[in-house]
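See below for the structure under consideration.
The values are calculated or read from the model by the stated rules, or taken from the named source; none is laboratory data. From a predicted model like this one, the values you see are computed outputs, not experimental measurements. Glycine gets a Cβ as well: all are built from the backbone with ideal geometry, and neighbour counts include every protein chain shown.
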Amino acid sequence: MMGQRLTGPCITIFLILAMLSACPTFIRLTSASAPADPAIDVHNHLPRGVTLEALIKLMNDAGVRKTLLMPVFYDGDKPNGQGISDENLVVEFYKEQPDRIIPFLGMQRRIIDRKHCLQPDAEAENLLQLAESQLRTGYFRGMGEFILWHYSYSYSDGEQGETVKIPADAPLMKKFLDLAAKYRVPVIIHYEIDEESLPSLKKMLTYGRKVTIILAHNGGRPDPITWKALLDDYPNLFYDLGGMTRLGHYGYASGEYMKNPIDDGKGHLRPEWKPLYEQYADRIVGIGTDFAHPEVWASNQKSGRYSTMIAVFRSLLSDLSTETVEKIWFRNAEKMFAANTSATNAATGATGTVKTGFTGAEAVHVVMVTALAPIVPLFTLEKRKVELPS
Ligand SMILES: [Zn+2]
């Protein structure tokens, strides 16, 4: 207020502010020592062409402390494929920047298709053996993203994918759950919940009771009531918010199907989701940018989409309590993806009780990447044309 005299604490604050403004070096040092914002990006990918330097710069610019990277191997053996062919690239990234990278064992592979999932053959067994040998190293904090139920999409920036419908309780998936239980790592799964996909999901969640299962993209397309019932029935079920802003198509639609979005279109959480997010704050692993394709990484240089998406997430969660926001922003991810000593124990034959639920590094987690859909009840979801937001 103009003309008011400064007294007591006011004088102290005034003096501190005066000192800070006269000392820009101090301000620079504090903000440069670490990203001011401790966000953890729990749903991102490592396709072809991504360099560690570029990634770290993106993270620094956006205020992201750690990024969970899930390698993409699609056509990694072809000159212009989307994926990489190096199984250990993500580990190399991690070794270079252990405080910034959360390495996952990539599961976006051609072999994880309907045929192999329903009838695992020798090739599938080879993949299981490879996965076990990789988990035995102790570097990997989880496996994913398993693409099991995914509607087709095609967008102007080059992202595209075909419809995939693999029941969640397929025999090969069960074998991966066994592996996840043995090495006590979470699994991230893309599984879009609708009336057709839900029954096999429940069977898988029952089979994997000892495993914490994370569904990507807020479960795909469920309405809040369906989602709440699943969270109540399956304490091993968790979820991430990968791509769930209006900027990411999983936040809005999947193929021709509308979803139950969590974003109201103006950067805020839709009110019907707020009670659920507050009640189940411990089950939301975190936010995620979901850059799965090389084209997205490349176009980001011009668009700044990564930073924008983080900013939108910040706005999206701003109506929640401080405690809930912190859990979603970084605390849950810090606990879930902490260094996993139990993987080493499994490799050396050490025994222990596999715990159910989210108890930090000791927990076994199956992470399913799921996407939220529109406000209509799940079983009345209609197939209708998608109008993408501008
Ligand atoms: Zn996904």
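Scan segment 38-63 residue by residue and report those that are in a strand (DSSP E or B) and within 16 Å of the ligand (Cβ to nearest atom). Talk me through it step by step, then tell me what you get.
Of all residues in segment 38-63, those in a strand (DSSP E or B) come to 39-46.
Hits for segment 38-63 are Asp41, Val42, His43, Asn44, His45, Leu46.
Output the number of residues of segment 134-153 satisfying the condition of being of a type in the set (A, V, I, L, M, F, W, C), farther than 10 Å from His190 by Cβ and within 16 Å of the ligand (Cβ to nearest atom). Working first, answer last.
Within segment 134-153, the first condition is being of a type in the set (A, V, I, L, M, F, W, C), and the residues that meet it are 135, 140, 143, 146-149.
Cutting the leftovers down to farther than 10 Å from His190 by Cβ gives us 135, 140, 143.
From what's left, within 16 Å of the ligand (Cβ to nearest atom): 143.
The qualifying residues number 1.
Take the residues in segment 205-225 that are on the phi < 0 side of the Ramachandran plot, part of a helix (DSSP H, G or I) and modelled with pLDDT under 95; name whichever of them is surrounded by the fewest Cβ atoms within 10 Å (Cβ to Cβ). Working first, answer last.
Of the residues in segment 205-225, the ones on the phi < 0 side of the Ramachandran plot are 205-216, 221-225.
Among the residues that remain, those that are also part of a helix (DSSP H, G or I) are: 205-207, 224-225.
Retained after the next criterion (residues that are modelled with pLDDT under 95): 224-225.
On the way: Pro224: 20, Ile225: 11.
Selected residue: Ile225.
Hey, does segment 283-303 have a residue that's touching a Ser or Thr at 6+ places or on another chain (Cβ under 8 Å), of a type in the set (D, E, K, R), in contact (Cβ under 8 Å) with a residue 12 or more places away in the chain and assigned to a helix (DSSP H, G or I)?
The answer is no, given that none of the residues of segment 283-303 is touching a Ser or Thr at 6+ places or on another chain (Cβ under 8 Å), of a type in the set (D, E, K, R), in contact (Cβ under 8 Å) with a residue 12 or more places away in the chain and assigned to a helix (DSSP H, G or I).
Restricting attention to segment 255-273, does a residue exist that is assigned to a helix (DSSP H, G or I) and either within 16 Å of the ligand (Cβ to nearest atom) or under 24 Å from Ala39 (Cα atoms) (or both)?
Yes - at least one qualifying residue is present in segment 255-273.
Yes or no, residue by residue, for (1) more than 22 Å from Asp121 (Cβ to Cβ); (2) among the acidic types (Asp, Glu):
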{"site": "Gln134", "(1), (2)": "no, no"}
{"site": "Asp178", "(1), (2)": "no, yes"}
{"site": "Arg184", "(1), (2)": "yes, no"}
{"site": "Glu196", "(1), (2)": "yes, yes"}
{"site": "Ser200", "(1), (2)": "no, no"}
{"site": "Ile214", "(1), (2)": "yes, no"}
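Hey, can you tell me all the residues within segment 145-163 that are under 22 Å from Phe104 (Cα atoms) and modelled with pLDDT of 85 or more?
Glu145, Phe146, Ile147, Leu148, Trp149, His150
Any idea which residue in segment 205-221 is nearest to Tyr151 (Cα to Cα), counting only those that are more than 15 Å from the ligand (Cβ to nearest atom) and under 20 Å from the mean Cα position of the chain (by Cα)?
Narrowing segment 205-221 to residues more than 15 Å from the ligand (Cβ to nearest atom): 205-212.
After this cut, where a residue has to be under 20 Å from the mean Cα position of the chain (by Cα) as well, the list is 205, 208, 211-212.
Details: Leu205: 21, Gly208: 24, Val211: 26, Thr212: 24 Å.
Applying the filter and picking the extreme gives Leu205.
Considering only residues of segment 175-204 that are away from the ligand (no atom under 16 Å from the Cβ) and of a type in the set (D, E, K, R), which is modelled with the lowest pLDDT?
Step by step, filter segment 175-204, then rank; the result is Glu195.
Output the residues belonging to segment 52-67 that are of a type outside the set (A, V, I, L, M) and under 15 Å from the mean Cα position of the chain (by Cα).
Residues satisfying the conditions are Arg65, Lys66, Thr67.
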